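The structure that follows is given in the form of structure tokens.
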Amino acid sequence: MINCFLIDIEGTIVKDKSYTPVEGAVQWLKKVKTRGKKFSLVSNNTTHSPKRLLGLLRSKGFELEEDNLDTCMNNTNEWLRQHKIKSCFVIGNQGLKNYLGKEGIKIKKDGLIQAVVVGLDEKINYQKLQTAVKVLVEKDACLVALHYNKVFKNSRGEIAPSVGCIVKALEYASAKRAYVLGKPSKDFYRSVLWRLKVKPRNCIFISDDPLTDLAGAKKLKIKTAFVLSGKYDRSILKNMKVKPDFVYRKISDIKV
Ligand SMILES: [Mg+2]
């Protein structure tokens, strides 16, 4: 029996980085709440702090509490704390830098740097890549990826390269493997299940990304639903060995 919904945000409940709700998504989530089912929005957003993201979604009509959100940003912060990392070079937008700064991380370009942290940076350039590679190679910093997604839909609704593309370039240059802390990291998924006190077999993961979000969920035996309201259409499934359990046009087509 399904009693818990794990839900992606972009492409699943909102259309893209403009955060316009997908048709029927606000009412659908309301129904989940009134039926007393557990849910969490499990997000790879790297541009808004969890608090800002919650505020933004509420302003679009979604009724959400603080414990309805798990993001790769707070998972990354937790990981840095556990590994006693206090100084980082960050590739990402100002939102990520401000968030980590408030959490006590020193954001630096030179001197002692323990990690290179990578989120979405739509202003990525050669200079930033070079600084990151120098830090990784010369200072033996570790490489921390907020996630490993291939593409995303930007605020103009266009497909664009995502965080994984930057991470991959840095892995290649430094010959290091990144620690991936957002979806589809098993540890991240497990921490969400543990927090919600639910078993994988009682959960369904709903997302527009079968390659990362849902493939990762399947590995933990969580049921999976692919929605066509986001960055991929049905043709993405052609070359996938392990396909999602269900395909829906949009989230509100899923029975609560
Ligand atoms: Mg998505």
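The values are calculated or read from the model by the stated rules, or taken from the named source; none is laboratory data. From a predicted model like this one, the values you see are computed outputs, not experimental measurements. Neighbour counts are summed over all protein chains in view; Cβ atoms, including those assigned to glycine, are modelled from backbone coordinates with ideal geometry.
In segment 135-163, which residue that is in a strand (DSSP E or B) and within 14 Å of the ligand (Cβ to nearest atom) is modelled with the highest pLDDT?
If we filter segment 135-163 for residues that are in a strand (DSSP E or B), which is where we start, we get 142-145, 151-153, 159-161.
Cutting the leftovers down to within 14 Å of the ligand (Cβ to nearest atom) gives us 151-153, 159-160.
Values: 151: 91, 152: 90, 153: 86, 159: 92, 160: 95.
That would be 160.
Working only within segment 84-113, note down all residues that are of a type in the set (Lys, Arg), assigned to a loop (DSSP other than H, G, I, E, B) and in contact with a Lys or Arg (Cβ under 9 Å, 6 or more places away or on another chain). Please lay out each step first, then the result.
First, pick out the residues of segment 84-113 that are of a type in the set (Lys, Arg): 84, 86, 97, 102, 106, 108-109.
Okay, now just the ones that are also assigned to a loop (DSSP other than H, G, I, E, B), so 84, 86, 108-109.
Passing the criteria: only 86.
Separate question: Test residue 201 against the stated conditions and say whether it is away from the ligand (no atom under 15 Å from the Cβ) and part of a loop (DSSP other than H, G, I, E, B). Walk me through how you get there before you give the answer.
Details: away from the ligand (no atom under 15 Å from the Cβ): yes; part of a loop (DSSP other than H, G, I, E, B): no.
Here the answer is no, as residue 201 does not meet what is asked.
Those residues that are out of contact with any helix residue (DSSP H, G or I) (no Cβ under 6 Å at 6 or more places or on another chain) and in a helix (DSSP H, G or I), I need them from segment 164-181; list them, please.
Answer for segment 164-181, where residues must be out of contact with any helix residue (DSSP H, G or I) (no Cβ under 6 Å at 6 or more places or on another chain) and in a helix (DSSP H, G or I): 164, 165, 166, 167, 168, 169, 171, 172.
Sticking with this one: I'm trying to understand the selection: among the residues of segment 137-151, which are of a type in the set (A, V, I, L, M, F, W, C) and crowded, with 23+ Cβ neighbours inside 10 Å? Step through it out loud before you land on a result.
Taking segment 137-151 first, the residues of a type in the set (A, V, I, L, M, F, W, C) are 137, 141-146, 151.
Within segment 137-151, 141, 144, 145, 146 qualify.
So, one more: Please go through segment 84-109 and pick out each residue that is in contact with an Asp or Glu (Cβ under 9 Å, 6 or more places away or on another chain), surrounded by fewer than 22 Cβ atoms within 10 Å (Cβ to Cβ) and of a type in the set (A, V, I, L, M, F, W, C).
None - no residue of segment 84-109 is in contact with an Asp or Glu (Cβ under 9 Å, 6 or more places away or on another chain), surrounded by fewer than 22 Cβ atoms within 10 Å (Cβ to Cβ) and of a type in the set (A, V, I, L, M, F, W, C), so the list stays empty.
Cβ-Cβ under 9 Å, sequence separation 6+ or interchain: first residue in segment 25-41 and among the small types (Gly, Ala, Ser), partner part of a strand (DSSP E or B) and crowded, with 17+ Cβ neighbours inside 10 Å. Which pairs?
Pairs found: 25/14; 40/4; 40/5; 40/6; 40/7; 40/69; 40/70.
Considering (1) free of Cβ contacts under 8 Å to residues at least 60 places away in the same chain; (2) part of a helix (DSSP H, G or I); (3) polar (S, T, N, Q), say which one residue 224 fails and leave the rest.
Every listed condition holds for residue 224 apart from (2).
Just give me the residues in segment 1-19 being away from the ligand (no atom under 16 Å from the Cβ) and part of a strand (DSSP E or B), in sequence order. Explain how you work it out, then say what you get.
Taking segment 1-19 as the starting set, the residues that turn out to be away from the ligand (no atom under 16 Å from the Cβ) are 1-4.
Within segment 1-19, 4 is the sole residue that qualifies.
For every residue, the table says whether it meets (1) surrounded by fewer than 17 Cβ atoms within 10 Å (Cβ to Cβ); (2) small (Gly, Ala, Ser).
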position: 5; (1), (2): no, no
position: 23; (1), (2): yes, no
position: 30; (1), (2): yes, no
position: 34; (1), (2): yes, no
position: 51; (1), (2): yes, no
position: 54; (1), (2): no, no
position: 68; (1), (2): no, no
position: 82; (1), (2): yes, no
position: 111; (1), (2): yes, yes
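Just need a number here: residues in segment 20-61 that are under 15 Å from the mean Cα position of the chain (by Cα) and within 16 Å of the ligand (Cβ to nearest atom).
10
Now for a separate question. Could you list, in sequence order, all residues of segment 204-233 that are away from the ligand (no atom under 13 Å from the Cβ) and among the basic types (Lys, Arg)?
Within segment 204-233, 218, 219, 221, 223 meet the criteria.
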